[in-house]
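See structure below.
The values are calculated or read from the model by the stated rules, or taken from the named source; none is laboratory data. For clarity, every value in this text was computed on a predicted model and none was experimentally measured. Positions of Cβ are backbone-derived with ideal geometry, glycine not excepted, and every protein chain shown enters the neighbour counts.
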Amino acid sequence: MAHATHETLAPLLARHAGKPAELLELLHSLQDTDGFVDPAHLPAIAAALNLSRAEVHGVVTFYHHFRTAPPPRTIIQLCRAEACQSRGGEALARHIEGCTGGRFDGEPCGDIGLESVYCLGQCALSPALTINDTLHARVTPARFDALLSEAQSACAEGDRS
Ligand code: FES
């Protein structure tokens, strides 16, 4: 995933110039392309869309979806909703925090980010989680350890290719 550059921003500014109602669309496109919304771009976005910097900053910080720093290399999203909770999800959460050293919904720990989500549509196969957008169901602590190690190997191979 590329990091934000003014080359990727310019076409978006041109497309949405003078259209303040399209701020969210622009921010989603920017994050889809670059992985995050670089705070350095906010003044240019505000100027192009005829908004104040405070308005743009307010939107970026209001929606948890938007990242303002490059994302961690590995993102684990664990379902914390009822069906998963009742089938070992919270014990799995403690295991994941213990073995990664991170905290769910806290700052990323090294290259790993832990995020809570509420239902992944796998309630009958709970507990469920995703690792870098790949869905896994009926995850036990032992299975999680294997899945994490596979995901981290795949990232390392991606770096070498
Ligand atoms: S409650 Fe966890 S997948 Fe639905």
Problem set entry | Unique match (being part of a loop (DSSP other than H, G, I, E, B) and modelled with pLDDT of 95 or more) among LEU13, LEU51, LEU42 | LEU51
Seminar exercise, completed: Taking segment 92-142 and keeping residues surrounded by fewer than 13 Cβ atoms within 10 Å (Cβ to Cβ), in a helix (DSSP H, G or I) and within 16 Å of the ligand (Cβ to nearest atom) leaves ALA124
Seminar exercise, completed: By residue number, the members of segment 29-83 that are crowded, with 16+ Cβ neighbours inside 10 Å and among the aromatic types (Phe, Trp, Tyr) are PHE36, PHE66
Exercise. Consider ARG73 against the criteria (1) at pLDDT 95 or above; (2) closer than 23 Å to ALA128 by Cα: it satisfies all of them except one. Which criterion is unmet?
Worked result: (1)
